[in-house]
Amino acid sequence: MPFGHDMVFSLTTVVELINTGTGGREGLGDVRELEDFVRRRMVSGVPEITPADLAAVRELREAFHEVFTAPDRATRVRLLNTLLGRTRITPRLTEHDGFPLHVHYFAPGATVAEHLAADCGVALAHVLVEDEWERLRTCAVPDCGQVFVDESRNRSRVYCDSRTCGNRMHVAAYRARRRPVS
Ligand SMILES: [Zn+2]
Ligand SMILES: [Zn+2]
């Protein structure tokens with residue numbers, strides 16, 4: 001993976017965010033679930049979470065999903081520029097919570113949605129600039145819909161999680177091969 005640690009961290013966050021809304025299950029059903037997400041993804045410095053935050057984060061999740069699944073590069077660039085254009089961004093070097101020196105992009109006093117839009121938006125912009133976009137994938141299992149970052153050296157991963165979706169496909173392929181030809 002040609003990305004630095006904080007970049008990988010932001011990419012993992014945006015993937016997890018999008019996946020709270022895929023596969024027909026709402027993973028951000030209430031304020032509590034958003035609080036859990038904020039804790040799990042260590043989204044730092046956000047004020048108390050409100051129902052308005054929940055609505056804003058869900059909307060942002062849609063916008064990120066559209067960027068992720070855009071049909072071509074021109075569309076991705078346009079959608080991401082729109083997203084970044086309405087986000088307050090303030091680069092700032094920081095060393096909080098024992099992490100090595102890294103750059104935060106969210107503005108002081110940012111809400112959780114603004115924080116995610118800034119930091120994840122910039123991370124995605126760098127992926128485009130580095131021409132590594134094909135690492136951002138949607139699972140090959142048709143009804144799965146989960147997105148993931150392919151960190152494999154030869155960019156060959158096609159399933160969101162090799163233990164579940166990967167297995168399902170392997171079993172299906174195995175059964176198809178064993179089907180008697182009569
Ligand atoms: Zn940080
Ligand atoms: Zn999957």
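The values are calculated or read from the model by the stated rules, or taken from the named source; none is laboratory data. On a predicted model such as this, the values are computed, not experimentally measured, just so you know. Glycine also receives a Cβ, built like all others from the backbone with ideal geometry; neighbour counts cover every protein chain displayed. Accessible surface areas use protein heavy atoms only, side chains included; no ligands, DNA or RNA. Shrake-Rupley method; radii C 1.70, N 1.55, O 1.52, S 1.80 Å.
Among the criteria (1) farther than 22 Å from residue 56 by Cα; (2) within 16 Å of ligand 1 (Cβ to nearest atom); (3) open to solvent by 60 Å² or more (accessible area, probe 1.4 Å), the one residue 175 does not fulfil is (2). Within region 137-146, the only residue that satisfies the criterion of being more than 9 Å from ligand 2 (Cβ to nearest atom) and not in a loop (DSSP other than H, G, I, E, B) is 137. Considering region 18-37, the residues that are in contact with a helix residue (DSSP H, G or I) (Cβ under 6 Å, 6 or more places away or on another chain) and in contact (Cβ under 8 Å) with a residue 24 or more places away in the chain include one that is nearest to residue 7 (Cα to Cα), namely 18.
Among the conditions (1) within 28 Å of residue 164 (Cα to Cα); (2) open to solvent by 20 Å² or more (accessible area, probe 1.4 Å); (3) in contact with a Ser or Thr (Cβ under 7 Å, 6 or more places away or on another chain), the only one that residue 23 does not satisfy is (3).
Any chance region 108-117 includes a residue that's crowded, with 17+ Cβ neighbours inside 10 Å, more than 16 Å from ligand 1 (Cβ to nearest atom), within 20 Å of residue 62 (Cα to Cα) and touching a residue at least 40 places away in the same chain (Cβ under 8 Å)? Yes, region 108-117 contains a residue that is crowded, with 17+ Cβ neighbours inside 10 Å, more than 16 Å from ligand 1 (Cβ to nearest atom), within 20 Å of residue 62 (Cα to Cα) and touching a residue at least 40 places away in the same chain (Cβ under 8 Å).
From the list 64, 37, 68, the one residue that fits, being within 19 Å of residue 18 (Cβ to Cβ), within 16 Å of ligand 2 (Cβ to nearest atom) and not β-branched (Val, Ile, Thr), is 68. Looking across region 79-107, the residues that are assigned to a loop (DSSP other than H, G, I, E, B) and touching a residue at least 40 places away in the same chain (Cβ under 8 Å) come down to 99, 100. Looking only at region 67-78, decide whether some residue is touching a Ser or Thr at 6+ places or on another chain (Cβ under 8 Å), away from ligand 1 (no atom under 14 Å from the Cβ) and on the phi < 0 side of the Ramachandran plot. Checked against the condition, which is being touching a Ser or Thr at 6+ places or on another chain (Cβ under 8 Å), away from ligand 1 (no atom under 14 Å from the Cβ) and on the phi < 0 side of the Ramachandran plot, region 67-78 yields at least one hit.
Looking across 6, 53, 36, one residue alone is over 17 Å from residue 147 (Cβ atoms) and either part of a loop (DSSP other than H, G, I, E, B) or in contact with a His (Cβ under 6 Å, 6 or more places away or on another chain) (or both). It is 6.
Taking the listed residues 122, 129, the one that is β-branched (Val, Ile, Thr) and exposed (fewer than 12 other Cβ atoms within 10 Å of the Cβ) is 129, with no other qualifying. One residue alone among 155, 76 is open to solvent by less than 80 Å² (accessible area, probe 1.4 Å) and in a loop (DSSP other than H, G, I, E, B), and that residue is 155.
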